[in-house]
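Participant: I'd like to ask some things about the structure below.
The values are calculated or read from the model by the stated rules, or taken from the named source; none is laboratory data. This is a predicted model, so every value here is computed, not measured. Cβ placement follows ideal geometry from the backbone for every residue including glycine, while neighbour counts extend to all protein chains displayed.
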Amino acid sequence: MKYVITLFLTIGLALSSFSKSNEIGKDIDVNHYEIHLNEFNITEKSLDASTTITFTALNAIDFIELELKSLKVSSVTSDDINVKDFSQNDDILKINFASTLSADSKISLTIDYNGKTFNEQWGGIHWSNDYVYNLVVGFDSQPHNLGKTWFPCVDNFTDKASYDLYLTIPEDMTSSCGGLLNASTNNNDGTKTDHWAVSQEIATYLISFAFGDFVLWEETYQGMEKDIAVNVYAKPNQIEKVEGTFVNVKEIAAFYEEKFGAYPLNRIGYVSTNLGCMEHVDNIALASSLINGKATFDNENFIAHEMSHAWFGNKVTCATAEEMWLNEGFATFCNYYYLTELYGEELYQEYMNDLINNIILSCHAKEGWIPLNDIPLDITYGMTAYDKGAVVVHSLMNYLGRETFDAAIRHYLDKFAYKAASSEDLRDALTEATGIDMSDFFNAYVFNPGSPAYNVKSFSSKANGDKYDVEITMNQQHRGADYIGDNVRYEITFVDNDWNMQSEMLEWDGETATITKTLDFEPVAIFCDIDNKFADACHSYTHVFNKNGNKEFKDARIKLIAQEIGDSTLMRVEHHWVGAKSAGYVPTGLRLSPNRYWTIHRLDKGEAAINAEFQYQKNETYDNDLTTSANDSIIILYRKDGSQQWQPVDFTFKGSNNAGIITVENIQSGDYVLGACNEDYTGINEKHDSNIEIYPNPAKDVIKLSAVGNQPSTLKIYNVSGAIIDEIDFNSNEIEINVSEYKSGIYYIEANGKTIRFIKE
């Protein structure tokens, strides 16, 4: 099953962003916003409003600056200080005081404003027939915060406040806003004023409003600490479909409470909108198309994702947009995590495997090599924050163990409740909660680009009574950064000839370490991270052949072809997305792939013949620097393990220097790597002699060999492995040799101790 997480991005799962360089509001701490939306003109798409902002001065100040977009201020007044004047420049509202406001002073300002509202394709205030709603982020805007589109504010993550919202709308319409509905007052003029209040301190991108011909569907969830209303404001033609869509909403809430603590907001609220999903406090925007009466995985994952923001984003907010993974990475992880409770561990792992694979192949190729804590604003809502963030949280959970992870995350959420937190804050909170120094984990997964890569370099075992002492040498690399960490925790699995398995968590420091484990059986293979518990730079798959057939692992760029299966054969492929290190000298003219290699495990029960097709693709990032000229030839090399030297093997190549398939017959356990070689390379230590010439080279059917000077008496033709495949008498200055029956690949002709290479296409 394949789940495309980028759908979240398409329909607008989002959170606001704020530039680190923005200094608006640096001298004040906003305590409260009282927003009066007094009049809406649906035809003109405009509003008339006032906002009273209450704040505390952090320093002695003569003025403050707020943000307000598109709307025009008509007056600024205060009962606490004399307002000298105000001005608007683009989105900045500057208010000057007649006297200096001393530090720690707490005052209120009332700002009256009106005008046509701003919106873009996603964010801002949207007018849809008789439905009006706001989405308080904008993908096209930078910074993305759009609280400023309907009230003057300090529009960032860190300055949180409580809210009172007064919404005057036609009396036959229904409003859905953040917080709780305190009162609804009929104005006896065809309108009513609804008063909504949010007592928690939240960021400006989280307060929202909507009104229209909504119908309320409501249930009650018996939460950990209190009964919580479950509200869905749907359009009339959707109301019969709500219950079927939200059939598991209480179970999802219960799972999150068990893991992360009591539900931190006022209610579990959703409102139907046209554009998509957004985690406004108590008033989650949910795409109308998702309210279809079906509890599909896609529908439910959106519901679960947005609900999880109550903890990750709403209770604790990332300090800057550059650290969006703290919100969206955790939320994306959560919309898989709940699957373990409702649908089983296997489904969770299936989705997570797809996500891990997607990161390796797509994330860095599309967005570059970016540390998770420093995401550029133009990709705030990209794969790095959402998908890579999720797999890092998954890795964190397995690094700590689930119970420890859950408890440590609860500590983090409580410590920074209704505040903003950085990646460093999360790291330190986890260290504090667990007693485990989390610096190395965060250096490996968060503060450096790319992903760590771990593999078994070699292993050996010896009998110890009725047990076996197994000595394992582990190797550490890093894809995307020059980094080697300590305090590594990684799972390997020991396998015997009968396919019995035992998994162990290893711990080590540095690039290479040798670790001894005592087992009840002698292993014949060791699998790395068989359950994909860690988002390392590796694609891994296990498949059992019990009959002839093919199995392609597209993400690992390999196809296995089973022939003559007698009983059954277990095949495991580990595709490492790092360069294959050499245990010895790399011959002149040979270049090993700097980006990837394969580890193959083959465990036979009976006779079997299994071939492998390795895929080469120069126009992809992983192979684009393998060849350096058109004259280079693609080959494949093998070693039994990382302690051995690479050796060329027989293969058949179909394709060109741009793309092709390298087929190896009767694949064996060990490592395989693609290589490129030029005329200087020989797998049999050949010597070159300019007096011997071969043409055409490469050749399809026939080659011609000419010699100047000494005439050799015998030619020996070797394959790339050094085996003699032909011997030919040579008694003239020129000879023609039929090579049409040769397999495609590299060959060497030896004459009187002199060697020259040719390529069979």
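Participant: Just to confirm my filter: which helices (runs of 4 or more DSSP H) fall fully inside the range 290-365 and include at least 1 residues that are assigned by TED's automatic domain parsing to the domain that holds Arg402 and in contact with a Lys or Arg (Cβ under 8 Å, 6 or more places away or on another chain)?
Facilitator: The helices (runs of 4 or more DSSP H) meeting that bar are 330-337, 345-358.
Participant: Do any strands (runs of 3 or more DSSP E) lying entirely in the range 478-595 carry at least 1 residues that are among the acidic types (Asp, Glu), touching a helix residue (DSSP H, G or I) at 6+ places or on another chain (Cβ under 9 Å) and at pLDDT 95 or above, and which ones are they?
Facilitator: 488-495, 568-576
Participant: Please state which of the following conditions Gln615 fails to meet, knowing it meets all the rest: (1) at pLDDT 95 or above; (2) out of contact with any helix residue (DSSP H, G or I) (no Cβ under 9 Å at 6 or more places or on another chain).
Facilitator: For Gln615, the failing item is (2).
Participant: List every residue pair whose Cβ atoms lie under 7 Å apart, where the two residues are 6 or more positions apart in sequence or sit on different chains, the first residue falls within the range 644-672 and is without any contact (Cβ under 8 Å) to a residue 40 or more places away in the chain, and the second residue, located anywhere, is assigned to a loop (DSSP other than H, G, I, E, B).
Facilitator: Going by the 7 Å Cβ cut-off, the qualifying pairs are Asn657/Lys618; Asn657/Thr627; Asn657/Ala630; Asn657/Asp632.
Participant: Any chance you could count how many residues in the range 512-569 are closer than 30 Å to Asp486 by Cβ, of a type in the set (A, V, I, L, M) and touching a Leu at 6+ places or on another chain (Cβ under 9 Å)?
Facilitator: So the answer is 4.
Participant: Can you tell me which residue within the range 444-471, out of those that are surrounded by fewer than 20 Cβ atoms within 10 Å (Cβ to Cβ) and farther than 30 Å from Asp520 by Cα, is modelled with the lowest pLDDT?
Facilitator: Here the residue is Pro449.
Participant: Name the residue that is nearest to Thr110 (Cα to Cα), counting only residues in the range 74-92 that are in contact with an Asp or Glu (Cβ under 7 Å, 6 or more places away or on another chain) and of a type outside the set (S, T, N, Q). Steps first, answer last, please.
Facilitator: Step one: of the range 74-92, the residues in contact with an Asp or Glu (Cβ under 7 Å, 6 or more places away or on another chain) are 74-75, 91-92.
Filter once more, keeping what is of a type outside the set (S, T, N, Q): 91-92.
On the way: Asp91: 18, Ile92: 16 Å.
Within the range 74-92, the match that is nearest to Thr110 (Cα to Cα) is Ile92.
Participant: Six or more apart or on different chains, Cβ under 6 Å: which pairs go from a residue in the range 368-379 that's under 13 Å from Tyr445 (Cβ atoms) and free of Cβ contacts under 8 Å to residues at least 40 places away in the same chain to one that's buried (at least 19 other Cβ atoms within 10 Å of the Cβ) and hydroxyl-bearing (Ser, Thr, Tyr)? Could you list them?
Facilitator: As it stands, the answer is none, since no pair meets every condition given.
Participant: Identify all residues within the range 486-510 that are in contact with a Pro (Cβ under 9 Å, 6 or more places away or on another chain) and at positive phi; write none if there are none.
Facilitator: none
Participant: Applying the selection to the range 27-59, what residues are under 17 Å from Val83 (Cβ atoms) and not β-branched (Val, Ile, Thr)?
Facilitator: Result: Asp27, Ser50, Phe55, Ala57.
Participant: Might you check whether a residue that is in contact with a Gly (Cβ under 8 Å, 6 or more places away or on another chain), within 29 Å of Lys517 (Cα to Cα), outside the structural domain of Trp598 (by TED's automatic domain parsing) and not in a loop (DSSP other than H, G, I, E, B) occurs anywhere in the range 461-469?
Facilitator: No, because not a single residue in the range 461-469 is in contact with a Gly (Cβ under 8 Å, 6 or more places away or on another chain), within 29 Å of Lys517 (Cα to Cα), outside the structural domain of Trp598 (by TED's automatic domain parsing) and not in a loop (DSSP other than H, G, I, E, B).
Participant: While we're on this one: Restricting attention to the range 135-151, which residues are surrounded by fewer than 24 Cβ atoms within 10 Å (Cβ to Cβ), among the polar types (S, T, N, Q) and in contact (Cβ under 8 Å) with a residue 60 or more places away in the chain?
Facilitator: Gln142
Participant: Test of understanding: among Thr273, Thr193, which residue is buried (at least 23 other Cβ atoms within 10 Å of the Cβ) and out of contact with any Asp or Glu (no Cβ under 8 Å at 6 or more places or on another chain)?
Facilitator: Thr273 is the lone residue from the list that is buried (at least 23 other Cβ atoms within 10 Å of the Cβ) and out of contact with any Asp or Glu (no Cβ under 8 Å at 6 or more places or on another chain).
Participant: Of the conditions (1) under 19 Å from Tyr336 (Cβ atoms); (2) under 20 Å from the mean Cα position of the chain (by Cα), Pro452 fails just one. Which one is it?
Facilitator: Pro452 satisfies every listed condition except (1).
Participant: Same structure again: If only one of Lys704, Lys640, Lys687, Lys700 is modelled with pLDDT under 75, more than 23 Å from Arg479 (Cβ to Cβ) and surrounded by fewer than 16 Cβ atoms within 10 Å (Cβ to Cβ), which one is it? I'd like the intermediate steps shown before the answer.
Facilitator: Numbers: Lys704 fails: modelled with pLDDT under 75; Lys640 fails: modelled with pLDDT under 75; Lys700 fails: modelled with pLDDT under 75.
So the residue among Lys704, Lys640, Lys687, Lys700 that is modelled with pLDDT under 75, more than 23 Å from Arg479 (Cβ to Cβ) and surrounded by fewer than 16 Cβ atoms within 10 Å (Cβ to Cβ) is Lys687.
Participant: Residues Glu679, Glu620: which one is modelled with pLDDT under 90, surrounded by fewer than 19 Cβ atoms within 10 Å (Cβ to Cβ) and closer than 23 Å to Cys538 by Cβ?
Facilitator: That would be Glu620, the only listed residue that is modelled with pLDDT under 90, surrounded by fewer than 19 Cβ atoms within 10 Å (Cβ to Cβ) and closer than 23 Å to Cys538 by Cβ.
Participant: Considering each residue of the range 324-341, count those that are modelled with pLDDT under 95 and of a type in the set (Asp, Glu), and give that number.
Facilitator: 1
Participant: What is the one condition in (1) at pLDDT 90 or above; (2) farther than 30 Å from Thr569 by Cα; (3) outside any loop (DSSP other than H, G, I, E, B) that Glu693 does not satisfy?
Facilitator: (1)
Participant: Right, another one. From Ile111, Ile125, grab the single residue that is surrounded by 15 or more Cβ atoms within 10 Å (Cβ to Cβ), part of a strand (DSSP E or B), touching a Pro at 6+ places or on another chain (Cβ under 8 Å) and assigned by TED's automatic domain parsing to the domain that holds Lys160.
Facilitator: Ile111
Participant: Shifting gears a bit: Given the residues Leu181, Leu165, which is the only one that is in a strand (DSSP E or B), among the hydrophobic types (A, V, I, L, M, F, W, C) and touching a residue at least 24 places away in the same chain (Cβ under 8 Å)?
Facilitator: Among Leu181, Leu165, only Leu165 is in a strand (DSSP E or B), among the hydrophobic types (A, V, I, L, M, F, W, C) and touching a residue at least 24 places away in the same chain (Cβ under 8 Å).
Participant: Let me ask you something else. Among the residues of the range 420-438, how many are surrounded by fewer than 16 Cβ atoms within 10 Å (Cβ to Cβ) and touching a Lys or Arg at 6+ places or on another chain (Cβ under 7 Å)?
Facilitator: Kept after step one, since they are surrounded by fewer than 16 Cβ atoms within 10 Å (Cβ to Cβ), are these residues of the range 420-438: 424, 432, 435, 437.
So of that shortlist, the ones also touching a Lys or Arg at 6+ places or on another chain (Cβ under 7 Å) come out as none.
Here the count works out to 0.
Participant: If Lys551 meets every condition in (1) closer than 18 Å to Lys388 by Cβ; (2) surrounded by fewer than 17 Cβ atoms within 10 Å (Cβ to Cβ) apart from one, which number is that one?
Facilitator: (1)
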